[in-house]
Amino acid sequence: MPSPLLIDIQFESTRKFDRLQAALGGRNVVDINDGSAHPETFPGVRYALVWKPDGKLFNRLPDLEVLFSVGAGVDHIFQADFLPDVPIVRFVDHTLTTRMSEWVCLQCLMHLRQQRAYDRQQRERLWQELPQPQASEVTVGIMGMGQLGQDSARKLKALGFDVVGWSRSGGPVEGIDVYDAAGLDAFLALTHVLVGLLPLTRETRGIFNRGIFSRLQRHEEIASPVFINGGRGGSQVEADIAACLEDGTLGGVSLDVFEEEPLSAESPLWGFEQAILTPHAAAVSDIEALGRYVSNQITRFEAGQELENVVDRSLGY
Ligand code: NDP
Ligand code: OXD
């Protein structure tokens, strides 16, 4: 008898739940948030799919063997006060990767082509051409060269941008110069547009701060330097971002993620013309792709093959 999959997800509609269930290919699903009375423990449940779990849930899963993350990031899972000693598999899928690359490319182009300034001119009914450097004259530096960083890098290159990368290992990526921790200064000195695609870990918390922004390269023709963050808000210091926009250390930002979500209506970030804000919507997990992915991973696991995209607990991503 196949083990059910326990899910801890807040669905905005029952349609989403139905689509997930269909994509799981008939596996029985226990929805912990369906409002029904659930037993104290779930013996026989070997798999769980969670987003922001309460650690107490895991005490109720004595037979858990694999924990799946609804998203590519797993920082929410590590916040649980108790985590069972089972593999944690994060979501890696082209549907999510492609969405993030679309968002990153869009933001880079918005700043390159000074769209915010044109928006203002349109409101003012002002006909005025602005400088138009080519993408090849602008260096985009990506911090975090994993699944998302590498795909964004390839697509930015295809648009003509000069692209460099930075990662913990500095591991090679075809066609891109990737710097490691020791190369951070050199990386920042080249970068006009900084893109954050880092996981949130002990090491990356607060990494995007004034110290980093003040070492970026200024481009003479566009409002710069620019900071774009699609990774996690905990990696950025929002007080520094606001102050750097105020004093010109930063010429523009695009932020999809925030220290606290939803972003408070009181945040000064809302008020900057040169700040583009989106509500953690750069790359949502497609519910059907997620169901298929979890189903495939369980099939692999039960066939004795290795699970894919297992999180390294010592690194936190
Ligand atoms: P990966 O694990 O594939 O890549 C992470 C990258 O970050 C790797 O290059 C890794 O280096 C690097 N890295 C990690 N820690 C450090 C460090 N301390 N110093 C330098 N580099 C570091 O993750 P993904 O690309 O799949 O996803 C990245 C993040 O994007 C997710 O963790 C999630 O938080 C966020 N995300 C946001 C979404 C949104 O809608 N806004 C949607 C999906 C994900 P190395 O290569 O050496 O291991
Ligand atoms: C993710 C996210 O981590 O949506 O996948 O933020």
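The values are calculated or read from the model by the stated rules, or taken from the named source; none is laboratory data. Bear in mind the structure is a predicted one, so any value in this text is a computation, not a measurement. Virtual Cβ from ideal backbone geometry, glycine too; neighbours counted across all protein chains shown. Remember, those area values only see protein heavy atoms, side chains included, never the ligands or the DNA or RNA. Shrake-Rupley method; radii C 1.70, N 1.55, O 1.52, S 1.80 Å.
Among the helices (runs of 4 or more DSSP H) confined wholly to region 73-189, which include 3 or more residues that are hydroxyl-bearing (Ser, Thr, Tyr)? Can you show your working first?
Values: elements: 75-78, 94-112, 115-123, 147-158.
The qualifying helices (runs of 4 or more DSSP H) are 94-112.
Just checking, which of 120, 125, 202 is within 25 Å of residue 232 (Cα to Cα), out of contact with any Lys or Arg (no Cβ under 8 Å at 6 or more places or on another chain) and either within 16 Å of ligand 2 (Cβ to nearest atom) or open to solvent by 20 Å² or more (accessible area, probe 1.4 Å) (or both)? Spell out how you get there, then give the answer.
Numbers: 120 fails: within 25 Å of residue 232 (Cα to Cα); 125 fails: within 25 Å of residue 232 (Cα to Cα).
Sole residue among the options that is within 25 Å of residue 232 (Cα to Cα), out of contact with any Lys or Arg (no Cβ under 8 Å at 6 or more places or on another chain) and either within 16 Å of ligand 2 (Cβ to nearest atom) or open to solvent by 20 Å² or more (accessible area, probe 1.4 Å) (or both): 202.
May I ask you to list the residues in region 31-89 that are within 16 Å of ligand 1 (Cβ to nearest atom) and basic (Lys, Arg)?
Within region 31-89, 52 is the sole residue that qualifies.
Quick one: what pairs do we get from region 47-59, first residue under 22 Å from residue 295 (Cα atoms), second of a type in the set (Phe, Trp, Tyr) and surrounded by 14 or more Cβ atoms within 10 Å (Cβ to Cβ), C-beta under 9 Å, 6+ apart or different chains?
Qualifying pairs under 9 Å: 47/68; 47/301; 48/42; 48/58; 48/68; 49/68; 50/68.
Would you please name the residue that is surrounded by the most Cβ atoms within 10 Å (Cβ to Cβ), looking only at residues in region 128-155 that are among the polar types (S, T, N, Q) and within 16 Å of ligand 1 (Cβ to nearest atom)?
Taking the candidates together, the pick is 152.
Considering only residues that are touching a residue at least 24 places away in the same chain (Cβ under 8 Å) and of a type outside the set (Val, Ile, Thr), which ones fall in region 103-117?
103, 105, 107, 108, 109, 110, 111, 112, 114, 116, 117
Say we look at region 260-317 and pick out the residues that are farther than 18 Å from residue 230 by Cβ and touching a Ser or Thr at 6+ places or on another chain (Cβ under 7 Å); which of these is farthest from ligand 2 (Cβ to nearest atom)?
Restricting to residues being farther than 18 Å from residue 230 by Cβ and touching a Ser or Thr at 6+ places or on another chain (Cβ under 7 Å), the top hit is 315.
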